[in-house]
Amino acid sequence: MSAVVLKAGLVWTGEREIAGGWVLARDGFIEQVGDGPAPKADEVVEAGNCVAMPGLVNAHDHMYQWATRGYVADGTLFEWLRALYPVWAKIDAASVRAAARAAMARLLLSGCTLSADHHYVFPHGREGIFEALVDAARELGLRFHPTRGSMSLGESKGGLPPDSVVEDEDAILADTEEKIRRFHDPSRGSMCRVVVAPCSPFSVTPQLMRDSAALARKHGVRLHTHVAETLDEETFCREKFGKRPYELMEELGWTGEDVWYAHAIHLSDAEVDRLAEVNTGVAHCPSSNMRLGAGICKVRELVRAGARVGLGVDGAASNEDANLAMEAHQALLLARARDSSPQALDARTAWRLATRGGAECLGRDDCGVLEPGRCADIACFRIDDLAHAGIADPLAGLALAPPARAEVVMVHGRVVVSGGTLRTADEVEIAREIAATSARLAG
Ligand SMILES: [Zn+2]
């Protein structure tokens, strides 16, 4: 690979703002950030009409759900899940591939350069689902942390999902280990890292949680799961285990710097402090939480306590979109509405959650900030379009009036979006494919 220089109207590194700044990248990594005359490079990317910032990080998603959007538009999480499990039981490698291409295309177009994907539905006998996710990320050029998720606690054993979508626990652990061996790349600048991710307290057994943690720690990979998303989940945990969801995580060894949760909404103040103390991360998913009426995450308290907090779009079946810039906007407004105070979350903190915060959840000290030595992952948003032209504080303006799409996106020094258009695949073809896939699953 060669050297590329990106020039922007304003560079926000994650820590400082540089008017008329530039970023020089070589072989996928940032070499220099500065202002004034830009250094010579093999490729020059002009984004003078944009704010350039670290690529946005999506800390929680279920990409297969792009094929099942718009179901149970007014249901609670448990109502929504019960209606969708039978539809999800029909997925296979082809439908997951179509959904992942759509989800990833939309993420890249929203400025996202690094994403996790919590995949936990592996219907019996359908091979190649995990591989389809990894292939789609490679094709589209997204830095990717796929999880080998799981469900093992079916209805007959007191769980929420029907028995038809749960797997045998030994098979889950064996397949997870195989996926780590085949796909996990721990190197700096890695484009693919595997995560171990049993789904939730109401869909796996405590034993699988313990065994999954031991497996992940044996291989040095990260752990992810849903925790304290709804009050229904809290009731389930109290009745079945005699504990609150976070207490259950503590008992199962599911805390520490190698763990990040999705949601973590219903935490007590003491639990917020304990979580921050052990360096566990939280993926806040404001659109999904509002869509499902799940509750409001204590983002201000978590940030103040020093916890790692990132943002996630969550699955598109409870969001209907995957726009990371929109999540920064939603996080900002939701925190202020919850506290009845505009001081609850400022724009720069919201962007920090969407960049460095997510990278920290995913264990990436090589992403999330524009500085020498980190990956050349950059998102550029226009500030000369109708929505943003003339706006006094561009960073605040982009958080308050979120851009519909990014203008330029670079992943590992490679331009994957330019002129607001995806360069690694055909957006129209992806839309046509996902329409057909969605219709097939609905039928
Ligand atoms: Zn989720």
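The values are calculated or read from the model by the stated rules, or taken from the named source; none is laboratory data. Bear in mind the structure is a predicted one, so any value in this text is a computation, not a measurement. In this analysis, Cβ positions are derived from the backbone assuming ideal geometry, glycine residues included, and neighbour counts consider all displayed protein chains.
Filtered by the rule that a residue be away from the ligand (no atom under 16 Å from the Cβ) and in contact (Cβ under 8 Å) with a residue 60 or more places away in the chain, the stretch 92-111 gives ALA94, SER95, ALA98, ARG101, ALA102, ALA105, ARG106, LEU108, LEU109, SER110, GLY111.
Residues in the stretch 152-168 include at least one that is without any contact (Cβ under 8 Å) to a residue 12 or more places away in the chain and hydroxyl-bearing (Ser, Thr, Tyr). Determine whether the stretch 220-241 contains at least one residue that is closer than 16 Å to VAL278 by Cβ, touching an Asp or Glu at 6+ places or on another chain (Cβ under 9 Å) and assigned to a helix (DSSP H, G or I). The answer is no, given that none of the residues of the stretch 220-241 is closer than 16 Å to VAL278 by Cβ, touching an Asp or Glu at 6+ places or on another chain (Cβ under 9 Å) and assigned to a helix (DSSP H, G or I). ALA197 passes every criterion in (1) touching a Gly at 6+ places or on another chain (Cβ under 8 Å); (2) free of Cβ contacts under 8 Å to residues at least 60 places away in the same chain; (3) in a strand (DSSP E or B) apart from (2). Could you please let me know if GLU320 is outside any helix (DSSP H, G or I) and of a type outside the set (Gly, Ala, Ser)? Taking the combined requirement at face value, the residue satisfies it. Restrict the check to the stretch 260-271 and report whether at least one residue is without any contact (Cβ under 8 Å) to a residue 24 or more places away in the chain and either over 16 Å from PRO198 (Cβ atoms) or not charged (D, E, K, R) (or both). Yes, the stretch 260-271 contains a residue that is without any contact (Cβ under 8 Å) to a residue 24 or more places away in the chain and either over 16 Å from PRO198 (Cβ atoms) or not charged (D, E, K, R) (or both). Would you confirm whether or not the stretch 333-351 contains a residue that is more than 16 Å from the ligand (Cβ to nearest atom), assigned to a loop (DSSP other than H, G, I, E, B) and at positive phi? Yes, that holds for at least one residue. The single condition from (1) under 22 Å from TRP12 (Cα atoms); (2) not in a loop (DSSP other than H, G, I, E, B) that GLU433 fails is (1). Every listed requirement among (1) crowded, with 21+ Cβ neighbours inside 10 Å; (2) part of a helix (DSSP H, G or I) is met by HIS145 save one, (2). For the stretch 173-194, taking the residues that are in a loop (DSSP other than H, G, I, E, B) and among the charged types (D, E, K, R), the one that is nearest to the chain's Cα centre (by Cα) is identified as ARG193.
ALA228 falls short on exactly one of the conditions (1) within 21 Å of GLN65 (Cβ to Cβ); (2) out of contact with any His (no Cβ under 7 Å at 6 or more places or on another chain); (3) not polar (S, T, N, Q), and that condition is (2).
Restricted to the stretch 20-129, the set of strands (runs of 3 or more DSSP E) holding at least 2 residues that are in contact with a helix residue (DSSP H, G or I) (Cβ under 7 Å, 6 or more places away or on another chain) comprises 43-54, 56-58, 112-119. Please indicate, with yes or no, whether at least one residue in the stretch 226-236 is more than 17 Å from HIS60 (Cα to Cα), of a type in the set (Asp, Glu) and within 16 Å of the ligand (Cβ to nearest atom). Yes: the stretch 226-236 contains one or more residues that are more than 17 Å from HIS60 (Cα to Cα), of a type in the set (Asp, Glu) and within 16 Å of the ligand (Cβ to nearest atom).
Results for (1) farther than 30 Å from PRO286 by Cα; (2) surrounded by fewer than 24 Cβ atoms within 10 Å (Cβ to Cβ); (3) without any contact (Cβ under 8 Å) to a residue 60 or more places away in the chain; (4) more than 16 Å from the ligand (Cβ to nearest atom), shown as yes or no for each residue.
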site: VAL4; (1), (2), (3), (4): yes, yes, no, yes
site: LYS7; (1), (2), (3), (4): yes, yes, yes, yes
site: THR13; (1), (2), (3), (4): no, yes, no, yes
site: GLY21; (1), (2), (3), (4): yes, yes, yes, yes
site: GLY34; (1), (2), (3), (4): yes, yes, yes, yes
site: PRO39; (1), (2), (3), (4): yes, yes, yes, yes
site: CYS50; (1), (2), (3), (4): no, no, no, yes
site: PRO54; (1), (2), (3), (4): no, no, no, yes
site: ALA59; (1), (2), (3), (4): no, no, no, no
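Conditions (1) within 27 Å of GLN343 (Cα to Cα); (2) touching a Phe, Trp or Tyr at 6+ places or on another chain (Cβ under 9 Å); (3) among the small types (Gly, Ala, Ser), marked per residue:
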| site | (1), (2), (3) |
| --- | --- |
| HIS219 | no, no, no |
| THR235 | no, no, no |
| GLU250 | no, no, no |
| ASP258 | no, no, no |
| VAL278 | yes, no, no |
| HIS284 | yes, no, no |
| LYS298 | yes, no, no |
| VAL303 | yes, no, no |
| ALA307 | yes, no, yes |
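Out of curiosity, is VAL204 over 21 Å from LEU292 (Cβ atoms), crowded, with 23+ Cβ neighbours inside 10 Å and touching a residue at least 40 places away in the same chain (Cβ under 8 Å)? No; evaluated as a whole, the condition is false for this residue.
Only residues that are in a loop (DSSP other than H, G, I, E, B) and either at pLDDT below 95 or basic (Lys, Arg) (or both) were counted in the stretch 405-430, giving 2.
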